Amino acid sequence: MMTSPGQPTGHEYGYLTVLEHDPDGLLGGYLIIDGRGRPLEFHCTAPVQPSRAEQILYGPTLGPCLVGEQIGGGLVAAARLRPKVILIDKLDLSFLGPQQEIETVLLVASTDTGSAGGALEPRLRGVGDPTSLPQTAGATARHSFQVDRYRFELPPNRLGDPSTVSLLLESLSQRVDLAEPFERIHLAIREAGGIGGSDEQTSVCAA
Amino acid sequence: MEVTSRQVFAPRKPLRQASGDPPVSGWPAGSGGPVGVSRPRLTEVQIGSLGNPAFASRRFVPQWVEFISVPLEPVKISTTGCVFSEGQVLLTGCRPSRWKPGWNAAGGGQQSQLPTLEADLQEHGSGPPRGRTRVHPPGDIVKLEDRLRYLLEPPLESMLTGEGLRFPHPPFPYQLDGVAFLYPRHEAVLADEMGLGKTMQAIIAARILVHRGQVRRALLVCPKPLMANWQREFALWANELPLTVIEGHHKRRHFLWRQMGTGFTITNYETVVRDHAQLESVAGHFDLVILDEAQRIKNCAGATNQAVCSLSRTRSWALTGTPMENSVDDLVGIFEFVTPGHLRVEMKPRTLRRVVANHVLRRTKERVLKDLPPKLYRDTNVQLTPEQDVTYQMAEQEGVFRLHELKQAVTIQHVFELVIRLKQICNFDPPSGASNKLQRMIPDLEECVASGRKAIIFSQWVETLHELQRRLDDFHPLAYHGRVPHRQRARMLEQFRDDPNCHILLISYGAGGVGLNLQFANYVFLFDRWWNPAVEDQAINRAHRIGVVGPVTVTRFVTLNTIEERIQQVLEKKRALFDSIFGGDFFSSRFDSGSFGLSRSDIFSLFELPDGSGKKEASSLEVGGRKKPA
């Protein structure tokens, strides 16, 4: 059955992440894959460096605004395909602004090692670790579940039924290591940004 | 960021008096900024009034206020992206063009349907592969989108599973690295040491390309004795790929060349040379051409090199365990096929190493197969028997005398003839048949047989193999060499492998040096040494390869105070040269630019002959058109 491009067929999954590269700033990357893990679309940003004034004035809202709305929202908007779920590895990326209609799910940790999975890198300095963020009063409780060897959390601003998201990820985990596409995005961001490889690991870290 | 100061009329609001209260805020309409910092400016009367509590409840209406605005415009995010159209096509349910009638993964000549995810899951079971072998774009791909295309592919293990490719047993990690090296490259030399599985790596990489629709017509050229081996490997690693073998009578060959369609074609170097004209006119373009034992084309001026280089092709892969047998010329010859004009003979080793780095992948057993049992070398020095010594001295004196008599007319050919004659005497004394090497070897063979093991004995000459076969008759050895008809060779190898009473295989360097799998033999004897270590390594690796059980003991005979000992010293120099380009200490003090190959002066110095003829340096010991024996 023919479907027009841009409409979800139920087999697309988005992966969204942001790297911080000293001194260029933040680089976002967004990869959409099919159920076998093959790439369908990829978008990345040019480096974004908040000014000192912005850092002061935005304060604790810098993460959701810059990382989430501006970078994450911009990447999702630039894509032709609209997956049903976007996997993120930073809580700030759940605030996608106008793109909020797509469900986001946060990959928290790998239960294999007891710590963040292989693809998960240190968080953006200054933005709280999602696992340590307290639940704010009145907010919808975070829903946590496990798929394969990874633990996921739906952000407080989730849209739909957690079990639906869980089923989607279960389906993907049959063919794809759920954290592995983040590695590809990191490699692609480094390639697109002309950033070196492992030798420069200390200056390139996840935002 | 621009800071502006404006004077506007503030709205009528009471002034805040407590120091902790936020300032009165206001911003020019339409600025879009969330925050403006304002300092209300008061008239002097108002300032004075502020200090008087009596005026605290009065409303002060400033006439104007000055603003310092800090506009925080939305961050402009520029993005770069690419859409992978083949993925989109799969999404929309279109059938990729690679699925031609009769070409299907299931076999049987029936047209396959595009596999659905559900069908894949049922067939392959759940759970993604854990391996993370990445395909990296080669250095000559400069377009960002093309480079990203490779980086964003799933790991090779997932790719293989996703394409539905099954294997009889999982490849080693280094073999997957080899596949990841070949897959994105249009020009590649896989130069792994013998026995590491170059054949299967090439087959798997080609198989992926076929399934991805990037290769439809492919040609594999190999030495004639290895054609059967390649067919077996294809059956094992890619049994769904259509295979055509072209050899035999010229009418049959011509018919097959004309009929050649999609799929893989296997032929040998001799056929390519003989049917060169027909290949040019009929065969058309190949998406992929693979050369096995590519050192066969090392001579740029040779007919073989010119024939294969003239094939119309998109991808050129060369497989060889000995990319440089004697000199840089060999490597240049191979690269004339892989990427013409890329190398020049006069390049220095450091430049060579840098230039070939993107195209050559070489691994050694010591590096990648740490679990492979070791090779145990036993260099056995022997003396000539009295009979051999008499014959040897006489032959050397006569030979050297004749060479001196020739003066300027002496050629490399004359020297070779003397060298070969002396080496043969080191093996067996012609008049009496005395041989210290044989005497030394017999106890080892007895031990080998007693322990139920198998041994391979290499020699350059068929006559030596015949003599050994006669003298070792008690052990019932088999002799495998160039004069054995091809149809008998496979049977002979099977007998050596399967017959528990067959312990010894006598084999020539020429016939047995390439491509044979003899990993069931634990003992290798080099009855006489070859001219360069690469060929010796190739011979040894018939036994020391994947699948070998237990260590392989290699016994190398050298007769002291003879031409053999002098040649060994030259061989050590060649090994240092090879390591300087393909591994080892690049700045080895033993290396210098003058030691490329075996120069004329090196050869003449074996007999302390003056080199005054002014002829070009010999780049190999096979100059003068002398072919390798047997």
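Structure values in brief
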{"read-out": "Where B:T322 falls short, out of the listed (1) β-branched (V, I, T); (2) surrounded by fewer than 23 Cβ atoms within 10 Å (Cβ to Cβ); (3) part of a loop (DSSP other than H, G, I, E, B)", "value": "(2)"}
{"read-out": "Condition check for B:K437: over 23 Å from B:N517 (Cα atoms) and crowded, with 18+ Cβ neighbours inside 10 Å", "value": "yes"}
{"read-out": "Residue that is nearest to B:L518 (Cα to Cα) [pool: residues in the range B:446-462 that are part of a helix (DSSP H, G or I) and under 36 Å from the mean Cα position of the chain (by Cα)]", "value": "B:C448"}
{"read-out": "Residue selected from the range B:449-461 under the condition among the hydrophobic types (A, V, I, L, M, F, W, C) and in contact with a helix residue (DSSP H, G or I) (Cβ under 9 Å, 6 or more places away or on another chain), by the criterion most open to solvent (accessible area, probe 1.4 Å)", "value": "B:V449"}
{"read-out": "Filtered residues of the range B:462-471 (kept if in contact with a strand residue (DSSP E or B) (Cβ under 7 Å, 6 or more places away or on another chain) and either of a type in the set (S, T, Y) or crowded, with 19+ Cβ neighbours inside 10 Å (or both))", "value": "B:V462, B:L465, B:L468"}
{"read-out": "Filtered residue count, the range B:238-261, keeping only those that are surrounded by fewer than 17 Cβ atoms within 10 Å (Cβ to Cβ) and either touching a residue at least 40 places away in the same chain (Cβ under 8 Å) or at positive phi (or both)", "value": "4"}
{"read-out": "Top-ranked residue of the range A:156-185 - restricted to ones that are part of a helix (DSSP H, G or I) and under 14 Å from A:G14 (Cβ atoms), ranked as farthest from the other protein chains (Cβ to nearest Cβ)", "value": "A:V165"}
{"read-out": "Unique match (being among the hydroxyl-bearing types (S, T, Y) and at pLDDT below 70) among B:S580, B:S589", "value": "B:S589"}
{"read-out": "Selected residue (only one of B:V548, B:V484 is in a loop (DSSP other than H, G, I, E, B) and modelled with pLDDT under 75)", "value": "B:V548"}
{"read-out": "Selection from the range B:176-209 of residues that are open to solvent by less than 10 Å² (accessible area, probe 1.4 Å) and closer than 18 Å to B:T265 by Cβ", "value": "B:A202, B:I203, B:A205, B:A206, B:L209"}
{"read-out": "Any hit, the range B:474-495, residues being closer than 20 Å to B:S435 by Cα and out of contact with any strand residue (DSSP E or B) (no Cβ under 8 Å at 6 or more places or on another chain)", "value": "yes"}
{"read-out": "From the options B:R353, B:R344, residue that is modelled with pLDDT under 90 and assigned to a helix (DSSP H, G or I)", "value": "B:R353"}
{"read-out": "Unmet criterion (only one of (1) at pLDDT 85 or above; (2) surrounded by 19 or more Cβ atoms within 10 Å (Cβ to Cβ)) for A:Q146", "value": "(2)"}
{"read-out": "Scope the range B:412-434; condition open to solvent by 60 Å² or more (accessible area, probe 1.4 Å), at pLDDT 90 or above and assigned to a helix (DSSP H, G or I); matching residues", "value": "B:R421, B:Q424"}
{"read-out": "The range B:177-220, residues that are in contact with a Lys or Arg (Cβ under 6 Å, 6 or more places away or on another chain) and among the acidic types (D, E)", "value": "B:D192, B:E193"}
{"read-out": "Which numbered condition B:L90 misses (of (1) at pLDDT below 85; (2) open to solvent by less than 70 Å² (accessible area, probe 1.4 Å); (3) of a type in the set (A, V, I, L, M, F, W, C); (4) not in a helix (DSSP H, G or I))", "value": "(4)"}
{"read-out": "Hits in the range A:78-103 - residues which are open to solvent by 20 Å² or more (accessible area, probe 1.4 Å), more than 10 Å from every other protein chain (Cβ to nearest Cβ) and in a loop (DSSP other than H, G, I, E, B)", "value": "A:R82, A:K84, A:F95, A:Q100, A:E101"}
{"read-out": "Residue ID - farthest from B:P170 (Cα to Cα), chosen from residues in the range B:231-248 that are of a type outside the set (G, A, S) and assigned to a helix (DSSP H, G or I)", "value": "B:Q231"}
{"read-out": "Extreme residue, surrounded by the fewest Cβ atoms within 10 Å (Cβ to Cβ), among residues of the range A:27-72 that are more than 7 Å from chain B (Cβ to nearest Cβ) and farther than 25 Å from A:E103 by Cβ", "value": "A:R52"}
{"read-out": "Condition met for A:L75 (more than 8 Å from chain B (Cβ to nearest Cβ) and either open to solvent by 10 Å² or more (accessible area, probe 1.4 Å) or assigned to a helix (DSSP H, G or I) (or both))", "value": "no"}
{"read-out": "Residues satisfying the stated conditions in the range A:15-26, i.e. under 28 Å from A:V85 (Cβ atoms) and open to solvent by 30 Å² or more (accessible area, probe 1.4 Å)", "value": "A:E20"}
{"read-out": "Selection within the range B:333-351 - more than 18 Å from B:P138 (Cβ to Cβ) and surrounded by 22 or more Cβ atoms within 10 Å (Cβ to Cβ)", "value": "B:G333"}
{"read-out": "Odd one out for B:A534 among (1) in a loop (DSSP other than H, G, I, E, B); (2) modelled with pLDDT under 75; (3) open to solvent by less than 20 Å² (accessible area, probe 1.4 Å)", "value": "(1)"}
{"read-out": "Subset of the range B:280-305 [over 22 Å from the mean Cα position of the chain (by Cα) and not in a loop (DSSP other than H, G, I, E, B)]", "value": "B:E280, B:S281, B:V282, B:A283, B:A303"}
{"read-out": "Residues satisfying the stated conditions in the range B:224-235, i.e. modelled with pLDDT under 90, of a type in the set (A, V, I, L, M, F, W, C) and open to solvent by 10 Å² or more (accessible area, probe 1.4 Å)", "value": "B:A228"}
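Residue-wise test of (1) of a type outside the set (S, T, Y); (2) assigned to a loop (DSSP other than H, G, I, E, B); (3) more than 20 Å from B:D292 (Cβ to Cβ).
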position: B:P154; (1), (2), (3): yes, yes, yes
position: B:G164; (1), (2), (3): yes, yes, yes
position: B:H169; (1), (2), (3): yes, yes, yes
position: B:Q175; (1), (2), (3): yes, no, no
position: B:G195; (1), (2), (3): yes, yes, no
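The values are calculated or read from the model by the stated rules, or taken from the named source; none is laboratory data. Treat the numbers as computed from the prediction; the structure is a model and nothing was measured. All Cβ positions, glycine included, derive from the backbone under ideal geometry; neighbour counts span all protein chains shown. These accessible areas exclude ligands, DNA and RNA; they are computed on the full protein's heavy atoms, side chains included. Shrake-Rupley method; radii C 1.70, N 1.55, O 1.52, S 1.80 Å.
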